[in-house]
There are 2 protein chains.
Amino acid sequence: MVYWIILPADPPSDTSRPRNAAHTRVAILNAARTAFARQGFEAAGVREIAASAGVTAALVIRYFGSKENLFVQAVVQNFSVVGLLEGERARLGERLARYVLQKESEAGGSLHPLLALLRSATNEQAAALLRTGLDAQFIGPLAAWLGGPEAEVRAGFIAATLLGLTAVRSVLQSRALFTADTERLLAFSAPVLQGYIDGPDIS
Amino acid sequence: MVYWIILPADPPSDTSRPRNAAHTRVAILNAARTAFARQGFEAAGVREIAASAGVTAALVIRYFGSKENLFVQAVVQNFSVVGLLEGERARLGERLARYVLQKESEAGGSLHPLLALLRSATNEQAAALLRTGLDAQFIGPLAAWLGGPEAEVRAGFIAATLLGLTAVRSVLQSRALFTADTERLLAFSAPVLQGYIDGPDIS
DNA sequence: TTCTAATGTAAACAAACGTTTACTTGCTGC
DNA sequence: GCAGCAAGTAAACGTTTGTTTACATTAGAA
């Protein structure tokens with residue numbers, strides 16, 4: 001018991017955290033995002049998410065009602081394209097390509113948001129939830145930004161390209177794209193993406 | 001009971017099948033391919049595969065040793081790019097695009113082979129198996145066919161594009177690409193794929 | 001300081017999973 | 001015709017899953 005007094009006031013930021021529903025909620029959401037990105041909707045367990053947030057599974061259910069609802073709040077409502085749209089139009093293709101080609105370690109310390117989407121897209125339950133989110137928060141805004149009659153199809157192809165690259169590189173880790181250096185992959189993919197952005201309409 | 005006698009001699013082609021290990025094996029493999037394509041490696045259950053093949057789960061394990069081994073024999077050793085490589089080089093992009101854009105109903109009656117790959121790629125156990133299969137049966141042969149110093153990267157991008165399209169269309173069923181007609185999608189994607197095939201090398 | 005509502009936990013639930021064991025059924029070579 | 005082995009099944013095993021129930025603890029207002 002004495003050891004508790006000797007330890008610093010806020011040691012590993014989890015063990016001695018005072019009871020605080022708001023902080024706990026955030027901790028659970030962060031743990032869930034990481035777990036869903038690493039393992040997908042099905043494989044990620046409520047007990048494991050709870051443990052890595054420093055609580056128990058029962059509390060997670062108490063706060064979010066169900067695993068499905070936790071997924072919605074942690075992942076579906078949490079990826080967006082709007083940040084990438086800032087900047088000159090002629091280089092949007094490059095920004096998008098860099099967005100998916102950067103190593104996980106470079107992605108702001110956390111795992112790539114697209115990973116959670118991709119790793120969970122195969123579960124029918126999660127896919128139904130993601131369907132809405134992808135249209136509302138990625139394809140929709142991107143299409144509106146692009147403009148023109150083919151905007152939706154163009155945005156869809158961009159999403160498909162980014163997801164495909166993420167799939168082959170981060171999930172399947174196919175040798176061809178996993179070991180190649182980022183700049184070379186960028187040289188291939190950025191023009192393609194820019195082509196979807198600025199290419200001519202199909203009659 | 002009388003109804004059985006009235007029914008034709010070989011009714012649903014399953015109930016009255018005589019004992020035949022070879023036929024049963026094939027039936028299990030077919031059922032497994034469909035189940036893995038529809039639900040992915042984890043969600044597809046051995047009991048369900050067995051039932052749809054007209055046998056019990058114990059027999060499936062007896063024949064294939066484990067669910068993992070069943071997956072290898074049903075899916076991993078069963079997708080290949082070689083068929084698409086026949087024909088003129090200038091139209092390979094179009095053939096590849098058609099390969100993934102055709103509706104499931106047009107894909108020879110069965111589900112698209114890429115679906116099983118994609119829906120199972122998120123399971124770490126299955127992904128490890130698919131990693132080898134994708135390189136050995138798709139990217140490898142395609143790269144050898146393409147030739148040139150960048151062949152592997154080009155093949156990787158082609159695989160990524162096809163997987164991405166399949167993901168957005170068949171799994172996420174995003175409105176933008178799900179409702180658009182095949183010919184328009186073909187007009188967008190075929191040139192991109194052909195670009196990966198014939199485009200200039202990156203210095 | 002005391003009391004109560006909020007915060008959290010331990011333990012168990014029912015269902016589903018892949019797999020194993022022991023058993024029954026039926027085709028086939030002698 | 002009949003043994004023997006292959007083909008197939010029923011039932012259970014041990015885990016793991018998301019979720020529920022009943023209980024403990026602590027923070028904060030009175």
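Values quoted throughout were computed directly from the atomic coordinates according to the rules given, and no laboratory measurement underlies them. Nothing here was measured: the structure is a model prediction, and the numbers come from that model. Every residue, glycine among them, receives a Cβ derived from its backbone with ideal geometry; neighbour counts consider all protein chains shown.
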Dividing the Cα radius of gyration by the Kirkwood radius, what Rg/Rh value follows for the range A:40-82? 1.02
What are the distances, in nm and sorted shortest first, from the label point of B:A144 to the label points of the same position in each other copy, with each label point placed 7 Å from Cα along the Cα-to-Cβ direction? 5.1
Grab the residue from chain A whose Cβ hugs the A-to-B rotation axis most tightly, plus its distance in whole angstrom. A:G164, 1
What ratio of Cα Rg to 2.2 N^0.38 Å holds for chain A? 1.20
Which loop trypsin sites (Lys or Arg not before Pro) in the range B:47-140, with loop taken from DSSP, have no more than 11 other Cβ atoms within 10 angstrom of their Cβ? B:K103
Would you mind listing the distances between the A:V26 label point and the same position in each other copy? Use 7 Å along Cα-to-C-beta, nm, one decimal, shortest first. 6.2
Calculate, axis by axis, the spread of Cα positions in the protein assembly as shown along the three principal axes, and write the results as whole Å, longest axis first. 80, 59, 38
If R0 is 25 Å, what FRET efficiency do you get for B:Q102 and B:S52 from their C-beta distance, rounded to 0.05? 0.55
Using a 7 Å Cα-to-Cβ projection, B:I202 label spacings across copies, nm, ascending: 2.6
For chain B, what is the relative contact order in percent, using Cα pairs closer than 8 Å and at least 6 residues apart in sequence? 24 percent
Mean ellipticity per residue at 222 nm, deg cm²/dmol - from DSSP H runs of n ≥ 4 across the protein assembly as shown, formula -39500 (n - 2.57): -18500 deg cm²/dmol
